[in-house]
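All of the numbers you see were taken from the coordinates with simple rules; none came from a lab. No experiment lies behind these values; they were computed from the predicted model shown. Here the Cβ positions follow ideal geometry from the backbone for every residue, glycine too, while neighbour counts run over all protein chains shown.
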Amino acid sequence: MDIFGGSIRFDSVLNSLIVFKDVGFWAFDWEDDMNRAPNHGTVLHSMSCATIQINKDHNCHNLAGKPIPPSEMANSDHPRLILHSFLSPETCKELQFIHKSCSTIGYRQNVFSTTLSHLIATNSPHLILPFIPLREKLKEKVEEYFGCEYELFIEFTGLISWTKGASIGWHSDDNRPYLKQRDYAAVCYLNSYGVDFSGGLFHFQDGEPATFVPMAGDALLYTADSRNIHSVDEITGGERLTLTLWFSRDKSHDEDFKLISFLTKIPLNNPDTRSNVCLPLPASQNMYWFPPEQSATYQSGFDIRCARLHVLGYQLYSTNARLLADEHSSREFSDIILEPLHVVRGNDLFDYEFANILHLLQAVQFYHWKSPELKQSEVKMKPTKIISVSTSHQENIQLLKRQLLKDLHLAETIFSSGNDGERMEHDWVSFSGTVGLWEDYTSKLWHNLVSRLPNWIANQSIFLDQAVE
């Protein structure tokens, strides 16, 4: 059988599909059921003199089933590693929830990002906890594969999404003077090509695989230097989400030092703040305005938080929105969305006050993360009061919408996706119960953070301490 210009056979001993080519061999993952197709059909690795297979424990073996020394793999001309299903589906969904409820304008055109330092700065430090086991696991895998155990520090951790129009040409990840500290990269994909987004394929300039097709849960590890020059095709639809980390041998670029410094400035145990412990505080308005070049005047474009709510079918209501039409008022829309807000869907106004737009957005995104899988028994039903939207309500809703979504078509182009259930079925009773679950989720993470922080400060390192729960 011919595939990609080579012949293939199934090796029953290794339980893998082997592709023979002139340059060597390629090993594909294979499901336990031999009648099923290869897992994603994506090349795991290619070397000029050896093949590696990634088993279910993500260990590396050659065709004889023997472990391959990291030094041998790291000495490849283009050292890289693909780990399929490295992240669980639930982990991917949790990270998507964090990004879609906390992200800001990113570092490139049509790119959005969520950094750990930003989570801390916006009073959501508890949301760094889901990252910690992933950071440790990825660092361990990078050090093991590239043969640099105990040498690396995490230089950057962030969630990055690329939307329609975003792309990047050939480059290495250390191609600027201020990036020379970066030695290795790890990119974990949170959603899938052809399902959640189109375009956005990852290409290597040299070596194999030449093209990587992103699928949710897969991780791609590679050196940050010129041995792995790569590019990303333009996104043509949807939103491509990744968890991205860079690693450095330079201790002065250890991200943990900076994060711990920020964490020590938060009054985690202040009794006066305990009642509002889980409430996020928005950053400055210009960090949420797209396109960023319009943030000086806000004459066109849109607020990305409001846009994410809009594509899910929600709108904002504030009793103070009427002040936007008062020529004698000095109130701006950026002031109003920092104040209590209500959420509206269709002709229904949910009679619950959210502290600000980030609080409201986190609750809505949490509902869209959890509601498809929640059993009715898991939701604590609360009395739900729904108010029919009146004419005066509608006027206020539209006043705020016109200020926050000046370019509605652009907002829908950037954030709408054809497959992620944006307009999923909505139930106010479940929504009300899920707001309570969001409070439980954030409170649990918050107290977990408080219990772990003393050890982090003492060790100047962020890590999982199994003795602390």
Residues of the stretch 286-308 with amide N under 19 Å of the 7 Å Cα→Cβ point at GLU412: 290-291, 300-308
Whole-Hz ³J(HN,Hα) from phi, Karplus 6.51 cos²θ - 1.76 cosθ + 1.60, for the stretch 339-353, glycine and proline x: 9, x, 9, 10, 9, 10, 9, x, 9, 10, 10, 7, 7, 8, 8
Principal axis dimensions, largest first and in whole angstrom, of the stretch 311-357 by Cα: 32, 20, 20
Geometric extent, Cα atoms of the stretch 89-266 - Rg, Dmax (angstrom): 15.7, 47
Among the listed pairs LYS100/LYS401; LYS370/LYS401; LYS164/LYS406; LYS385/LYS406; LYS141/LYS251, those beyond 22 Å (Cα-Cα): LYS370/LYS401; LYS385/LYS406
Using θ = phi - 60° and Karplus 6.51 cos²θ - 1.76 cosθ + 1.60, couplings along the stretch 80-90 (whole Hz; Gly, Pro as x): 7, 8, 10, 10, 7, 6, 5, 9, 6, x, 5
Scaled radius of gyration (Cα, divided by 2.2 N^0.38 Å) that the stretch 89-163 gives: 1.21
Gain upon complete extension [SER451, GLN394; 0.36 nm per residue less C-alpha separation]: 15.9 nm
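Sort 360-367, 347-354 by the packing proxy (mean of other Cβ within 10 Å over each peptide's residues), most packed first.
On the way: 360-367: 24.2, 347-354: 16.6.
My ranking of the peptides, most packed first, is 360-367, 347-354.
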Pairs of Cα atoms farther than 27 Å apart, the stretch 169-305, %: 46 percent
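To the nearest 0.05, how large is the calculated FRET efficiency for GLU293 and LEU201 if R₀ is 35 Å and r is the Cβ-Cβ distance?
On the way: r = 28 Å, r/R0 = 0.80.
Result of the calculation: an efficiency of 0.80.
Cα convex hull of the stretch 288-442: mean projected area in nm², to one decimal? Please list the in-between numbers first.
On the way: hull surface 38.7 nm².
It is 9.7 nm².
Kirkwood Rh over Cα pairs of the stretch 68-192 into Stokes-Einstein at 25 °C, 0.890 mPa s: D in µm²/s? Kindly include the intermediate steps, with their values, before the conclusion.
Details: Rh = 16.3 Å.
Rounded to a whole number, D works out at 151 µm²/s.
Go through 290-296, 152-158, 194-200, 176-182 and give me the packing order, highest mean Cβ count within 10 Å leading. Provide the component values of the computation, followed by the final result.
Details: 290-296: 15.1, 152-158: 21.6, 194-200: 19.3, 176-182: 13.1.
The densest-packed peptide leads the list: 152-158, 194-200, 290-296, 176-182.
For ILE266 and ARG249, calculate 0.36 nm times their separation in residues minus their Cα-Cα distance, and state this gained length in nm to one decimal. Display every interim value, and only then the final one.
Working: separation 17, 0.36 × 17 = 6.12 nm, distance 2.92 nm.
Additional length available on full extension: 3.2 nm.
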Difference of contour (0.36 nm per residue) and Cα-Cα distance, ASP335 to GLU373: 10.1 nm
